[in-house]
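Q: To start, I am sharing the structure in question, which I have written as structure tokens.
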Amino acid sequence: MRIKTFEEYQVAYKQSVDDPEGFWAEVAQQFQWRKPWKKVLSWDFHEANVKWFEGGVMNITENALDRHLAERGNQPAIIWEPNNPEDQAVSISYNVLYDRVCRFANVLKKHGVKKGDRVCIYLPMVPELTVAVLSCARIGAIHSVVFGGFSAKSIADRINDAACTMVITSDGAFRGSKVIPMKETVDAALDQCDTVKNVIVMTRTRTPVSMLKGRDHWWEEEVKHVDSNCPAEPMDAEDTLFILYTSGSTGKPKGVVHTCGGYMVYASYTFANVFQYQPGDIHFCTADIGWITGHSYIVYGPLCNGATSVVFEGIPTYPDAGRFWQIVERHKVNIIYTAPTAIRSLMSYGLDYVKKYDLSSLKTLGSVGEPINEEAWHWFKDNIGGGTCPLVDTWWQTENGGIMISPLAGITPEKPTFATLPLPGIQPVLVDENGKEIEGNGVSGNLCVKFPWPGIIRTTYGDHERCKQTYFSTYPGMYFTGDGCMRDEDGYYRITGRVDDVLNVSGHRIGTAEVENAINMHLGVVESAVVGYAHDIKGQGIYAYVITEEIPDDPDMFRKDIAATVSRIIGPIAKPDKVQFVTGLPKTRSGKIMRRILRKISEGDVNNLGDISTLLDPTVVEDIKKGAY
Ligand code: WTA
């Protein structure tokens, strides 16, 4: 299962293509199964149907917890670093984590949560978040973690889409110098949800909160009244493990469904190989568990490998820009896995914050979430990795379950800004607009994958047709990623960014349609069009062109009001960075907005707009270029 040399990688890759079932069966055998699978793989990309290890019975928590107790029960599973560096870090051993998960799983059961029920988790980065996630998995309940930065409305949409019966939250959250209400936001969401029967509230900030009798319960109180024996629910490999919502180019966010067996195998295999994890290594992934990176590389991947995973509650710049490096020194971190946006932001504060700390424990650096520019790549490699630590630029998506294209640390020769080569089991193809495969090297196209891997999305919750349409219909017979990509002369892959209407803002996926819908809900707005523009820190910023009923008296105030509405409808992460008021939008005769033109204008490239003759009214472009008001 463990690749140690580049030759071994090549052999494994070849085997994974020649005999995918044999390859993955061998990997999967290293996990604990209650009953072996009957069939390794069955699939039909035309119908968006994929099944791995069908008939196999297991529980992911037995692999993440029980399996380690005999050998490393006292080893830390989690090291929790609180928001405030003055507060003590907390180390939670596998024994203790096991005990806490079993107890909390019994709390869920006591409140009637059963296998297959959906549970919404809206928590800050506290140990209880991992406990809550694993407790759901323990009893076969499906967790739907919602990132703590989302608004009440976004939470409500997600709860309603999955008909969750329980919500797990906290009174509040500490984020940098701020105290953020959590329960209050959940309360506002629950005014619009009627499936939720119970809410469990853990105490973090001890902010006053309303607690409804019969519905709301304190975490700390609940766990006192249950025992710590909770056998794991037997799960079929293809039973749903979790739902995670992500943005697409149209409509509301989709609930990406991952199942137990394939996801476990894929997240664990990629963790071990990409980072070249060694027993005893301390792994620090700086993502939030509210995103897929946190699911796979804070919780499931590391724990299924018996690793020690650092969970950090705070933000990279509080109390100052040395916070990550302080954590590395404090916990002797060996692997740090972070995002280009964080690197670019920390770069801008200068090296003094880096030099204060001893980073000699680091062995491997990782990057994820967006293309990493050359400057950030070198800064990370040289100043954080001392020029010697391997740096893995890992490309993958929520829908993939785990890393897809990436170097193996210290094994695959690196090339800055390239995600390099596909992992074993991954068969990428580049296709042109007509769906024709572009062969050979030194080419660019749209990135697809032509064969299933164990971590692939199984469906979009409650709407299989949507899954088919979104991922499997653009290029029939292939999974379409939505990303553009080049393959250079060496066969190395470089992801160039989305080719659909999805933005990547600070590594967060945001659909332009979602932001437009939110802006259009603002009083006095007639219509809007949103595009991304190059942003030094965030990678992409959000640029909104807005038509209003009347010329605003105070445009700046109006911009702030629009931002407030977007915050309220989606969350602060989707606030536009720039709002330009316009009198018209460039539309084709069939009414489609030509975003290509708007993108160019937003990047200041106004003299190079290409052919605008197909526009219904080409004069709007002149007005927009002038900056109407
Ligand atoms: C982008 C995050 C370039 C890409 C794990 C993808 C990347 C989207 C990289 C998925 C990378 C992710 N280089 N682009 N190393 N990693 N992306 O679902 O556009 O939040 O489609 O998953 O992020 O974002 P998601």
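Q: For the range 447-472, enumerate the residues that are open to solvent by 10 Å² or more (accessible area, probe 1.4 Å) and in a strand (DSSP E or B).
A: Thr459
Q: Turning to a different aspect of this structure: Of a type in the set (A, V, I, L, M), open to solvent by 10 Å² or more (accessible area, probe 1.4 Å) and assigned by TED's automatic domain parsing to the domain that holds Ile327: which single residue out of Val101, Val146, Val90, Val107 fits that description?
A: On the way: Val101 fails: open to solvent by 10 Å² or more (accessible area, probe 1.4 Å); Val146 fails: open to solvent by 10 Å² or more (accessible area, probe 1.4 Å); Val107 fails: open to solvent by 10 Å² or more (accessible area, probe 1.4 Å).
Residue meeting the stated conditions: Val90.
Q: Scan (1) surrounded by 23 or more Cβ atoms within 10 Å (Cβ to Cβ); (2) of a type in the set (D, E, K, R); (3) under 15 Å from Glu81 (Cβ atoms) for the single condition Glu329 breaks and write down its number.
A: It fails just one condition, (1).
Q: Let me ask something else about it. Can you find a residue that is more than 27 Å from Val505 (Cβ to Cβ), touching a Phe, Trp or Tyr at 6+ places or on another chain (Cβ under 8 Å), more than 16 Å from the ligand (Cβ to nearest atom) and without any contact (Cβ under 8 Å) to a residue 40 or more places away in the chain anywhere in the range 337-355?
A: no
Q: Just give me the residues in the range 486-519 being over 19 Å from the mean Cα position of the chain (by Cα) and within 9 Å of the ligand (Cβ to nearest atom), in sequence order.
A: Passing the criteria: only Arg494.
Q: For residues that are within 18 Å of Arg67 (Cβ to Cβ) and in contact with a helix residue (DSSP H, G or I) (Cβ under 6 Å, 6 or more places away or on another chain), scanning just the range 6-35, find the one that is surrounded by the fewest Cβ atoms within 10 Å (Cβ to Cβ).
A: So the residue we want is Gln32.
Q: Just to be sure before I move on: is Thr205 at pLDDT 95 or above, in contact with a Gly (Cβ under 6 Å, 6 or more places away or on another chain) and part of a loop (DSSP other than H, G, I, E, B) in the structure I sent?
A: Taking the combined requirement at face value, the residue satisfies it.
Q: Going by the conditions given, is Val530 open to solvent by less than 40 Å² (accessible area, probe 1.4 Å) and without any contact (Cβ under 8 Å) to a residue 60 or more places away in the chain?
A: Numbers: open to solvent by less than 40 Å² (accessible area, probe 1.4 Å): yes; without any contact (Cβ under 8 Å) to a residue 60 or more places away in the chain: yes.
Yes; evaluated as a whole, the condition is true for this residue.
Q: Can we say Ala48 is modelled with pLDDT of 95 or more, in contact with a His (Cβ under 8 Å, 6 or more places away or on another chain) and farther than 28 Å from Phe324 by Cα?
A: So Ala48 passes the test.
Q: Output the residues belonging to the range 274-296 that are out of contact with any helix residue (DSSP H, G or I) (no Cβ under 6 Å at 6 or more places or on another chain) and within 16 Å of the ligand (Cβ to nearest atom).
A: Val274, Phe275, Thr286, Gly290, Trp291, Thr293, Gly294, His295
Q: Here's another thing I want to ask about it. Considering Ile289, Ile298, which residue is among the β-branched types (Val, Ile, Thr), in contact (Cβ under 8 Å) with a residue 12 or more places away in the chain, assigned to a loop (DSSP other than H, G, I, E, B) and within 23 Å of Asn63 (Cβ to Cβ)?
A: Testing whether each residue is among the β-branched types (Val, Ile, Thr), in contact (Cβ under 8 Å) with a residue 12 or more places away in the chain, assigned to a loop (DSSP other than H, G, I, E, B) and within 23 Å of Asn63 (Cβ to Cβ) leaves just Ile289.
Q: Something else about it: Scan the range 327-347 and tell me whether some residue there is more than 26 Å from Pro76 (Cβ to Cβ), of a type outside the set (Phe, Trp, Tyr) and part of a loop (DSSP other than H, G, I, E, B).
A: no
Q: Hey, another quick one. Please give the strands (runs of 3 or more DSSP E) falling wholly within the range 209-280 in which 1 or more residues are within 27 Å of Val392 (Cβ to Cβ) and modelled with pLDDT of 95 or more. Quick ask: steps written out before the conclusion?
A: Numbers: elements: 216-218, 240-246, 254-259.
Qualifying strands (runs of 3 or more DSSP E): 240-246, 254-259.
Q: Six or more apart or on different chains, Cβ under 7 Å: which pairs go from a residue in the range 80-106 that's over 16 Å from Ile60 (Cα atoms) to one that's among the β-branched types (Val, Ile, Thr) and surrounded by fewer than 17 Cβ atoms within 10 Å (Cβ to Cβ)? Could you list them?
A: If the second residue must be among the β-branched types (Val, Ile, Thr) and surrounded by fewer than 17 Cβ atoms within 10 Å (Cβ to Cβ), the pairs left are Trp80/Val90.
Q: Another one. For the range 5-84, which helices (runs of 4 or more DSSP H) that fit wholly inside it have 3 or more residues that are aromatic (Phe, Trp, Tyr)?
A: Of the helices (runs of 4 or more DSSP H) lying wholly inside the range 5-84, those with at least 3 residues that are aromatic (Phe, Trp, Tyr) span 6-18.
The values are calculated or read from the model by the stated rules, or taken from the named source; none is laboratory data. Please read all numbers here as calculations on a predicted model, not as lab measurements. Cβ sites come from the backbone with ideal geometry, for glycine too, and all protein chains shown count toward neighbours. Just the protein is used for accessible areas: all its heavy atoms, side chains included, with ligands, DNA and RNA removed. Shrake-Rupley method; radii C 1.70, N 1.55, O 1.52, S 1.80 Å.
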